């Protein structure tokens, strides 16, 4: 069920705000009504170090469950430790007691925002 996704670049001196629409295997928007948890982990693929983690209410929001639309938000202060490079990420969900990957592998390009 997991899809590979590369997100648009974000600067390491700004808020990371992204909307992502999720689709099922049939190509229709993924209905998130039964989702009890969403998790996001961003890590440095060179060191396997977690850089950001998010969940519903902490970086992730379900904007429209019928349309599979979620919002990602991390403040600029959370982005500052990320150096300019491509980071890996995983977006997962728990629904009906089962945990599934929605996006894997994911790529988040981070650009240097300057001093």
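The values are calculated or read from the model by the stated rules, or taken from the named source; none is laboratory data. Computed from a predicted structure; not experimentally measured. Neighbour counts are summed over all protein chains in view; Cβ atoms, including those assigned to glycine, are modelled from backbone coordinates with ideal geometry.
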Of the numbered conditions (1) loosely packed, with under 12 Cβ neighbours inside 10 Å; (2) in a loop (DSSP other than H, G, I, E, B); (3) at pLDDT 95 or above, residue 32 fails exactly one; give the number of that condition. (1)
With the requirement that a residue be part of a loop (DSSP other than H, G, I, E, B), in contact with a strand residue (DSSP E or B) (Cβ under 6 Å, 6 or more places away or on another chain) and within 16 Å of residue 14 (Cα to Cα), what does the range 58-89 give you? 82, 84
Going residue by residue through the range 1-11, is there one that turns out to be in a loop (DSSP other than H, G, I, E, B) and over 28 Å from residue 80 (Cα atoms)? yes
Would a scan of the range 47-59 turn up a residue that is surrounded by 14 or more Cβ atoms within 10 Å (Cβ to Cβ), in contact (Cβ under 8 Å) with a residue 40 or more places away in the chain, more than 16 Å from residue 112 (Cα to Cα) and under 13 Å from the mean Cα position of the chain (by Cα)? no
